[in-house]
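Sharing a structure here in C-alpha cells format.
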Amino acid sequence: MPTKRRRLDPVFHALSDPTRRAVVEHLTQGPAAVSDLARSHDMALPSFLQHLKVLHDSGLVRSRKTGRVRTCQLVPQPLTQAEGWLAGQRALWERRLDQLDDYLVRLNRKESRT
C-alpha cells in the first residue's frame, strides 16, 4: 500500500496547481503543441515549461517532438489511480459518518427514554 501512495504523491502534487490543472483539462480534448498550451497562460515560456516538467515527472503528460514542434498528450492512467484512491477515501468516510449517525440516533433514543 505505501508504494501505491508514493506513486500518487507526484500526481496530487501536479494537480495542486491551477495552471497544471488547466493544462490537464486542455489535454482532455486531445494532444496539443506546447506553444498552444502556453498561449493561454500569462507567464514566460520557461516558467510554463517548469509546469510541464512537473506534469511529465508525475506521469500525467508525455510529449514527443516532430521537427520543431513538441506535442503533449495526456496519460490518463495516473488520474484513474488517483480516482480509485479518492473513491476508497470517500467510502471510508461515508461508512464512518453512517456509524456516527447510527450512534447518535441510538444515544438520542436512550436519552429520550430517561
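Bear in mind that the values in this text are calculations on the coordinates, not laboratory data. What you see is a predicted model, and the numbers here were worked out from it, not measured in a lab. All Cβ positions, even for glycine, are placed from backbone atoms using ideal geometry, and neighbour counts span all protein chains on display.
Those residues that are in contact (Cβ under 8 Å) with a residue 12 or more places away in the chain and closer than 11 Å to residue 72 by Cα, I need them from segment 33-50; list them, please.
Across segment 33-50, the qualifying residues are 33, 34, 35, 37.
Quick check on residue 20: is it buried (at least 16 other Cβ atoms within 10 Å of the Cβ) and among the basic types (Lys, Arg)?
Yes: the conditions hold for residue 20.
Then there's this: Considering only segment 31-61, how many residues are surrounded by 13 or more Cβ atoms within 10 Å (Cβ to Cβ) and assigned to a loop (DSSP other than H, G, I, E, B)?
Of the residues in that region, 4 qualify.
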